[in-house]
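Asker: Input: one structure, supplied below.
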Amino acid sequence: MLTAAEIARGVSGALKLLQRDPSAPRSFDNTMEACLRSFRVMGLVAPLYVLYLLIYYANVSTVSDELEILLVEGVRYVVDWLLYPVLFYEAARRQGWLDRYPRYIGALNWINLPAMVVAVISLALTEIAPTAVAIVIDLGLRALFFYWFLITTRMVVGTTWPMSVVLLVVNWVP
């Protein structure tokens with residue numbers, strides 16, 4: 001189980017990355033143990049993700065039953081958390097970034113907690129806002145998440161902007 005101090009440090013580090021604070025990467029230990037421990041954030045984010053899905057599917061009609069949706073969304077949740085670290089490991093190995101891998105993956109995992117809070121609030125707002133406002137909120141949210149990923153990649157891995165964009169595509173396309 002994650003301690004309150006770990007949660008506070010991880011969320012603080014994630015928010016510092018968003019603010020481009022040069023001390024932000026040091027908020028995440030650069031050990032494989034800390035990296036693996038950061039995957040426990042999945043458990044913290046899961047209830048928020050369920051809330052997000054409940055809001056998202058509230059006005060959706062489908063021929064699929066709830067169990068099918070639950071299964072597909074559950075698999076998606078796990079794949080979303082695990083696919084990029086596997087893909088990035090190979091890129092890190094080839095580029096000589098393995099020394100930064102644990103800190104980077106840990107940082108990306110911790111970003112998910114405040115990002116999901118923002119996503120739930122944004123989705124709730126888009127449900128009650130006029131269509132034009134909802135589109136602006138959605139686009140702003142996507143821009144925020146893209147920026148957060150890019151700046152984290154730049155600050156923790158030390159990549160160039162073009163390489164950060166390539167890694168963003170590797171992360172978001174699958």
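Asker: Mind counting the residues in region 32-70 that are of a type outside the set (D, E, K, R), more than 20 Å from Glu127 (Cβ to Cβ), open to solvent by 70 Å² or more (accessible area, probe 1.4 Å) and not in a helix (DSSP H, G or I)?
Answerer: 1
Asker: Hey, any hits in region 26-44 for a residue that's over 20 Å from the mean Cα position of the chain (by Cα), farther than 21 Å from Leu141 by Cα and of a type in the set (S, T, N, Q)?
Answerer: No, there is no match, as no residue in region 26-44 is over 20 Å from the mean Cα position of the chain (by Cα), farther than 21 Å from Leu141 by Cα and of a type in the set (S, T, N, Q).
Asker: So which of Tyr57, Tyr49 ends up being in contact (Cβ under 8 Å) with a residue 24 or more places away in the chain, over 16 Å from Ala14 (Cβ atoms) and among the hydroxyl-bearing types (Ser, Thr, Tyr)?
Answerer: Sole residue among the options that is in contact (Cβ under 8 Å) with a residue 24 or more places away in the chain, over 16 Å from Ala14 (Cβ atoms) and among the hydroxyl-bearing types (Ser, Thr, Tyr): Tyr49.
Asker: If you don't mind, there's one more thing I want to ask. Are any of the residues in region 18-28 open to solvent by 70 Å² or more (accessible area, probe 1.4 Å), in contact (Cβ under 8 Å) with a residue 24 or more places away in the chain, over 22 Å from Val120 (Cα atoms) and not in a helix (DSSP H, G or I)?
Answerer: Checked against the condition, which is being open to solvent by 70 Å² or more (accessible area, probe 1.4 Å), in contact (Cβ under 8 Å) with a residue 24 or more places away in the chain, over 22 Å from Val120 (Cα atoms) and not in a helix (DSSP H, G or I), region 18-28 yields at least one hit.
Asker: Select from region 94-116 the residues that are under 24 Å from Ser12 (Cβ atoms) and more than 11 Å from the chain's Cα centre (by Cα) and list them in ascending order.
Answerer: Asp99, Arg100, Tyr101, Pro102, Arg103, Tyr104
Asker: Same structure again: Cβ-Cβ distance below 9 Å, separation of 6 or more or different chains: which pairs start in region 120-143 with a residue that is closer than 18 Å to Val60 by Cα and end on one that is outside any helix (DSSP H, G or I) and open to solvent by 80 Å² or more (accessible area, probe 1.4 Å)?
Answerer: Final answer for the pair search is Glu127/Asn59.
Asker: Pairs, please: C-beta under 6 Å, at least 6 apart or cross-chain, first residue in contact (Cβ under 8 Å) with a residue 40 or more places away in the chain and in region 95-106, second in a loop (DSSP other than H, G, I, E, B)?
Answerer: Close Cβ pairs satisfying both conditions: Pro102/Asn30; Pro102/Thr31; Arg103/Phe28; Arg103/Asn30; Gly106/Phe28.
Asker: Test each condition in (1) loosely packed, with under 14 Cβ neighbours inside 10 Å; (2) in contact with a Gly (Cβ under 7 Å, 6 or more places away or on another chain) for Trp110 and report the one that comes out false.
Answerer: (1)
The values are calculated or read from the model by the stated rules, or taken from the named source; none is laboratory data. Note that the structure is predicted; figures quoted are calculated from it, not measured. Cβ: placed from backbone, ideal geometry, glycine included. Neighbour counts: every protein chain shown. For the accessible areas, the whole protein counts, side chains as well, though only heavy atoms, and no ligand, DNA or RNA atoms are used. Shrake-Rupley method; radii C 1.70, N 1.55, O 1.52, S 1.80 Å.
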